[in-house]
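Student: Mind looking over this structure? Questions follow.
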Amino acid sequence: KEENKTNMSGDQLDFALDLMRRMPPSDIEDNLAGLIDLVPDLCEQLLSMVDQPLKVVHDSAAKRDYLLCDYNRDGDSYRSPWTNKYNPPIEGGATPSAKLRSLEVKANDAFDIYRDLYFEGGVSSVYTWDLENGFAAVVLIKKSQDTTKKNQPMKGTWDSIHVIEVQDGRGDAKYKLTSTVMLFIETQTPETGRITLAGSLTRQDSRNLKINRDWNHVSNIGKMIEDMEFNLRTIIETIYFGKTNQIVNELRTRAGTAQLGAQQRLQDEIKRSLGQK
């Protein structure tokens, strides 16, 4: 009976995760909350396995904003990367070792500069935790936009979650990176009406890189994330924007039927000429 119960719980989790992948990314929080109401036994597993849009809170002691995720959560409290304290305060909350905390502080300063240079705003947070043969870290970046450009209202959100595991070796380290980007854009004009674009993308990368001191970890991780975000932006631009533009062009064209027919006949004639050669 116990084995059947375990198998059923595993099946429920698989079905739940499969269902979340098929739901609109823009409604992920509401859908996840509804799913947890249906299967409360899977609450912790779903919260740790389903990526959600990042939330911003303010650290009144440090006077700085930081991001919430499952990796800085302990119960109902969240740890600030600036003060290393939980809010609401708890006793015995998980914190990195002193050596790793020092690296965490350096990483937060480095990615704060990275975020400002690449995103020109937003919020970033880095959290680390100890592993048996190394450590792990998560780098979070959130940029929200809600402005009017050329009288065209547009709002959107970029959430990137980079989870990296590091295994130290002799003179080098093995890095395994898993990156997820969640994108939401909404625009509305009298000509097109309301258009909403939302989606998520996950990719992985592994590298063996040289290290000399702890600071090398920050630069190595930074380089991997910089390359990954460039690749993700390129894929998003190609898949989401490029494909959407292609679909719109196929559905609607300004060229008349006669002009399209002439273009097709010209293409056929060129093909025949090339075939004869």
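The values are calculated or read from the model by the stated rules, or taken from the named source; none is laboratory data. Since we're looking at a predicted model, the values are computed, not measured. All Cβ positions, even for glycine, are placed from backbone atoms using ideal geometry, and neighbour counts span all protein chains on display. When the accessible area is computed, the model is the full protein with side chains, heavy atoms only, and any ligands, DNA or RNA have been set aside. Shrake-Rupley method; radii C 1.70, N 1.55, O 1.52, S 1.80 Å.
Student: How about the stretch 25-114: which GluC sites (Glu not before Pro) there lie in a loop by DSSP and see at most 11 other Cβ atoms within 10 Å?
Tutor: Of the GluC sites (Glu not before Pro), the ones in loops of the stretch 25-114 whose Cβ has at most 11 other Cβ atoms within 10 Å are E91.
Student: Among the trypsin sites (Lys or Arg not before Pro) in the stretch 158-241, which ones are in a DSSP loop with at most 15 other Cβ atoms within 10 Å of the Cβ? Mind listing them?
Tutor: Sites meeting the loop and neighbour criteria: R170, R213.
Student: Further question on the same structure: Which trypsin sites (Lys or Arg not before Pro) in the stretch 47-82 sit in a loop by DSSP (not H, G, I, E or B) and have at most 14 other Cβ atoms within 10 Å of their own Cβ?
Tutor: Counting only loop positions with at most 14 other Cβ atoms within 10 Å, the trypsin sites (Lys or Arg not before Pro) in the stretch 47-82 are K63.
Student: Got a number for carbon plus sulfur as a percent of the stretch 9-116's accessible area, 1.4 Å probe?
Tutor: 50
Student: For the charge dipole of the stretch 1-120, defined by +1 on Lys and Arg C-beta atoms and -1 on Asp and Glu C-beta atoms about the Cα centroid, which residue among F119, S102, G75 has the Cα displaced farthest towards the positive pole?
Tutor: Positive-most Cα among the choices belongs to S102.
Student: Now, a different point. Please sort 134-144, 106-116 by packing, taking for each peptide the average over its residues of neighbouring beta carbons within 10 angstrom, highest first.
Tutor: 134-144, 106-116
Student: Can you run phi through the Karplus equation (6.51, -1.76, 1.60; θ = phi - 60°) for the stretch 134-141 and list ³J(HN,Hα) in whole Hz, with x for Gly and Pro?
Tutor: Once rounded to whole Hz, the list reads x, 7, 9, 8, 10, 10, 10, 9.
Student: Rounded, prolate or oblate: which one fits the stretch 14-172, using the alpha carbon gyration tensor with axes a ≥ b ≥ c (rounded when a/c is under 1.5, else prolate when a/b beats b/c, else oblate)?
Tutor: Oblate, since a/c reaches 1.5 and b/c is not below a/b.
Student: With a 1.4 Å probe and every protein chain left in place, work out the accessible area per residue of the stretch 74-145 in Å², rounded to a whole number.
Tutor: Accessible surface, normalised per residue, equals 50 Å².
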